[in-house]
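Values quoted throughout were computed directly from the atomic coordinates according to the rules given, and no laboratory measurement underlies them. On a predicted model such as this, the values are computed, not experimentally measured, just so you know. Virtual Cβ from ideal backbone geometry, glycine too; neighbours counted across all protein chains shown.
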Amino acid sequence: MELPITRPTQVSYGDELDFDKFLEKLARKRYNGFIRVTHASSEGHILLKEGIPVAASYDRYMKKEAMEKILEIIDKINTLIELFEVKESHIDYLIEINKVYKLEPIKEKVKPPTEIETKEETKPPTEIETKEETKPPTEIETKEETKPPTEIETKEVIDELEVAEATGTKEASGIAAEREEIKVLNREEVMKKYGLKDIDEEEVEKVLEAYKGGAITTIDIERVELTLMNKIKQSIMGIPNIKSAEVMIFLENMPELGGDIKVLIERESKGLLSRLISGVMNEEELREHTYDIIEMEIKKTFRGYPEIIENFNINIEVH
Amino acid sequence: MTRVITVASGKGGVGKTIVTANLGVALASYGESVVVLDADIAMANLELVLGMEGKSVTLHDVLAGKAPIEEAIYEGPEGVKVVPAGISLEGLRNVKLERLEETLSHLVENTDILLIDAPAGLEKDAISALAAADEVLLVTTPEVPSISDVLKTKIIADKLDVNIIGVVVNREQHDKTFLTKEEIETILEVPVIAVIPEDVEVSRSAAFGEPIVVKNPKSPVSNAIMKLAADLIGKEFHPIEPDKKGVIAKLISGLMGRR
């Protein structure tokens, strides 16, 4: 059988364990899990749903045959018996993937039911019956319930529930709804139980800001634009024979900080003679010099991140 | 339209990479065109799980601008396409995470599903992987520290407007110290869509670089992953039943060691 082998919850040898009592105990506990039986080089498994064997394999044997083979070696001195617990929600799934090993439901050998009996058996339970089933047990009833159920009794309960669910009767849906109700947990209580708490809004914002490339807000960006604009303008105006300079900066912070810088420069004199006399830069030289100024100002503004210069598009126009 | 699904966890070591790798293979086995991208560029091990280590071009090279993404795509089991992150620390220095988005836009062409294996934690690389996705699958173990971390990831995913498909509870054991499925759903306020039981076979298959859905398709783990894959694409799931072992096969497995 294909089963999740984890840590066994119990390990015994065949001669140390009364297997019948062991099975009875598991039935009483409505145990979900499986038993692994190892004898010499042979291995077998019994899958239990609510304490009832529902599938079995042993060596090359399956189903009832496998059970018989397991029972033959179960009390031997060199038979290892291991018990593994499986979550209730996994049992049906394990039965499904191991259905070739599924045991036939135990049927009592009774005379074939008459037509009336069959009808009675299949009729949906009345409202009173349903209520009776779901009402809280009295003390006496509880005591009665704790007595070990026989294999057939437990099987009958499972079968009844399965039939009700499979036929989709109102009662089944009622039971399912009731189960759902029970399952609704209080989040605060569960969080408290495990010492968990939600992260606050401030922490979330910090994490997201860090992702966006640093703790720069829209207001910060506007401030950076203004500062950088003034610095670049001041530096350009320091160049001789510059009449005016317009600097426009458009920064973006996604995915990382960068943007466009546009500079318009107007020179005082355009005459060749005056330029030769005063030693002023020609248009190309002025453009290169302005570019160097802008680069330097960016690097000075973002000290420690010289590579940020690659994120800027610089456009210079000289008139 | 390509579905971009990020598999995220919060805490490391919950089996996220193994789930991603096997889910990718499972989806591919249903006939989907799947690309699995290892976005864990600092602690990459998707390639180890899929037995694809030592590839010459990896995501590292793509993010460093040294190679186009097409050169970093390799074919894995069941035809799943894999983009390994590469495990060179040297390459990590040159990585520009901002290129990830551009890389993804190239990857989605001719792909049904792009699965992204996100790094653990909430550093920039982890959030980049989350932000790049349309949908997110949260992976956790039923232990308190894992739930605590995945809760943070879930909150960040919500903030980023990424659709949370559900939670995959991995390495489930019936232990009373662990949280139940109902408790996990209550805390995360997200449905648990798959419960994968603990099985040593998973670690074994990962060690051999073979996904468990290929190595042992009959195991409960494989069936759980195949069911998850089927649910994700709305296909019918048929459990793979174990074979009836013959005497000789049983004898051989007995000689080779139990289970």
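Each Lys or Arg adds one and each Asp or Glu takes one away; over the other residues whose Cβ falls under 11 Å from the Cβ of B:Gly12, this sums to 0. Working from Cα pairs under 8 Å separated by at least six residues, relative contact order for chain B is 24 percent. At the listed q of 0.18, 0.23, 0.33 Å⁻¹, the Debye profile of segment B:1-40, built from one uniform point per Cα, gives log10 I(q)/I(0) equal to -0.52, -0.80, -1.27. FRET efficiency for B:Tyr30 and A:Asp15, Cβ-Cβ distance as r, R0 = 51 Å, nearest 0.05? Step by step, r from the Cβ atoms, then E = 0.50.
With 10 Å bins beginning at zero, the pair-distance distribution over Cα atoms of chain B amounts to 7, 31, 36, 19, 6, 1 %.
For segment B:146-237, the percent of C-alpha pairs falling in each 5 Å distance bin, counted from 0 to the bin holding the largest distance, reads 3, 12, 20, 20, 19, 17, 9, 1.
Counting, for every residue in A:1-10, the Cβ atoms of other protein chains within 10 Å of its Cβ and taking the mean gives 6.
Computed across segment B:2-69, the Kirkwood hydrodynamic radius from all distinct Cα-Cα pairs reaches 13.2 Å.
What does the charge count near B:Ala129 come to, summing +1 for each Lys or Arg and -1 for each Asp or Glu among other residues with Cβ under 9 Å from its Cβ?
-3
Reported to the nearest whole Å, the Cα centre-to-centre distance from segment A:1-48 to segment B:96-160 is 42. Here the gap between A:Lys76 and A:Ala40, fully extended at 0.36 nm per residue and compared with their Cα-Cα distance, gives a gain of 11.9 nm.
Run lengths n ≥ 4 of DSSP H only: what is the helix-derived mean residue ellipticity at 222 nm for chain B, with -39500 (n - 2.57) per run over all residues, to the nearest 500?
Details: 12 runs with 104 residues, N = 259.
After summing the helix terms and dividing by the residues of chain B, the value is -11000 deg cm²/dmol.
Model label points for A:Glu284 and B:Ile193, set 7 angstrom from Cα along the Cα-to-Cβ axis, are 6.2 nm apart. Projecting label points 7 angstrom from Cα along Cα→Cβ for B:Ser105 and B:Lys235 puts them 3.1 nm apart.
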